[in-house]
Amino acid sequence: MAMFRSFVSASSQLRQQQQPNGGPGSLAAPAESIESQFSCPICLEVYHKPVSIASCAHTFCGECLQPCLQVTSPLCPLCRVPFDPKKVERSSSVEKQLASYKAPCRGCNKKVALVKMRSHIASCSKVQEQMANCPKFVPVVPTSQPIPSNIPNRSTFVCPFCGARNLDQQELVKHCMENHRNDPNKVVCPVCSAMPWGDPSYKSSNFLQHLLHRHKFSYDTFVDYSIDEEAALQAALALSLTEN
């Protein structure tokens with residue numbers, strides 16, 4: 001996972017270095033790559049109301065970055081570097097470029113201004129036809145089991161306390177221990193509820209204890225900490241429960 005993040009971060013930095021700073025004549029990349037240069041790394045669509053993080057200069061759609069701003073210690077979704085939510089600003093330079101550059105629609109191939117690309121794609125009959133013809137899930141080995149129509153995401157989870165997204169299992173444990181150790185609210189475990197046997201309505205009376213015991217295996221697999229550190233976590237959790 002760390003290797004994947006490094007690759008994504010390096011690709012994003014290269015992409016941002018290649019973005020033009022002047023007029024249309026300064027763009028060196030071919031027209032078909034313009035849309036990808038101005039795409040949000042979260043939703044993978046052309047930026048909508050783009051904002052930039054000052055500390056790492058990564059740009060996202062304002063709405064896409066919003067969940068990260070709700071946590072106590074936000075991290076950049078792309079490079080995982082901590083940032084100050086007060087230093088996230090509207091990217092007027094990217095907005096100007098979106099209005100200045102055109103790219104071919106992925107369906108009808110019509111040249112469309114990037115700022116209007118989202119609305120065009122939503123109404124383009126060719127794009128809708130392509131989406132309708134996308135291959136459906138087919139099992140590799142023949143099976144008598146029903147084919148699922150909607151496969152849930154069991155790779156990343158949403159924090160049940162603050163709504164922080166894109167947390168894998170070990171990141172969810174660490175995030176909750178660091179930011180919600182004293183939260184008394186009963187919440188549904190996002191890991192359990194994503195499983196076929198999970199009950200999406202069951203609220204754990206002690207969610208942090210549940211995380212450390214029920215979902216500890218995956219956490220230990222990827223995070224290297226000693227027995228003393230684990231004991232310290234357990235002691236801190238017990239103390240917080242006593243205080244509450």
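The values are calculated or read from the model by the stated rules, or taken from the named source; none is laboratory data. Values in this document were obtained by computation on a predicted structure and should not be read as measured data. Glycine also receives a Cβ, built like all others from the backbone with ideal geometry; neighbour counts cover every protein chain displayed. Areas reflect the complete protein model, heavy atoms only, side chains present, ligands, DNA and RNA absent. Shrake-Rupley method; radii C 1.70, N 1.55, O 1.52, S 1.80 Å.
Listing for the model above:
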item	result
Residue match in segment 124-134 (condition: open to solvent by 50 Å² or more (accessible area, probe 1.4 Å) and touching a Leu at 6+ places or on another chain (Cβ under 6 Å))	no
Single residue of Cys79, Cys108 found to be assigned to a loop (DSSP other than H, G, I, E, B) and without any contact (Cβ under 8 Å) to a residue 24 or more places away in the chain	Cys108
Residue count for segment 76-93, restricted to those that are surrounded by fewer than 19 Cβ atoms within 10 Å (Cβ to Cβ) and of a type in the set (A, V, I, L, M)	1
Complete set of residues in segment 172-188 that are outside any loop (DSSP other than H, G, I, E, B) and either in contact (Cβ under 8 Å) with a residue 60 or more places away in the chain or open to solvent by less than 30 Å² (accessible area, probe 1.4 Å) (or both)	Leu172, Val173, His175, Cys176, Met177, Glu178, Asn179, Val187
